[in-house]
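Novice: Below is the structure I would like to discuss, written out as structure tokens.
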Amino acid sequence: MRRPSEAIVAAVAEAKDEDMTTLSPLFTRIDPDTLDRIFSATSNQTKPCNGSITFDYEGCRITVNSSGTVIVDPSELIQRKTDIERASSREHLTRSNCGKSV
């Protein structure tokens, strides 16, 4: 079974359509060993904790819960891409109008 920390990196890479090796290390946002201890099954297959933890990583909101589910919300990532596209469009319009802002 995949550790929660591994599932997070894989899910974020998929959401961003990137290779896992291009992502920043998970430990820059959260301690992966602690995360795995909290949300991994114990030797008798019971979860050591009930609840969830939410944090940001690579422009996505990550939620891990005691059932082992990893939820990746890329809405922040999508919003950032939209803002960049808007800025790029404005820059293009400004250049195409002989330096006049529109």
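Rule-based calculations on the coordinates, nothing more; no lab input. The shown structure was predicted, so the numbers you read here are calculated from the model rather than taken from an experiment. Backbone-built Cβ (ideal geometry, glycine too); neighbour counts: all protein chains shown.
Novice: Tell me, what is a quarter of the convex hull surface for the C-alpha atoms of region 4-74, in nm² with one decimal?
Specialist: Approximately 4.4 nm², given one-decimal rounding.
Novice: Nearest 0.05, what FRET efficiency do T21 and S66 give at R0 = 30 Å with Cβ-Cβ as r? Don't skip to the answer; put the middle values down first.
Specialist: On the way: r = 29 Å, r/R0 = 0.97.
Efficiency, rounded to the nearest 0.05: 0.55.
Novice: Using the crude model of +1 on Lys and Arg Cβ and -1 on Asp and Glu Cβ, and no other charge, please compute the dipole size for region 4-74 relative to its Cα centre, in debye to 20.
Specialist: The dipole of region 4-74 has a size of about 340 debye.
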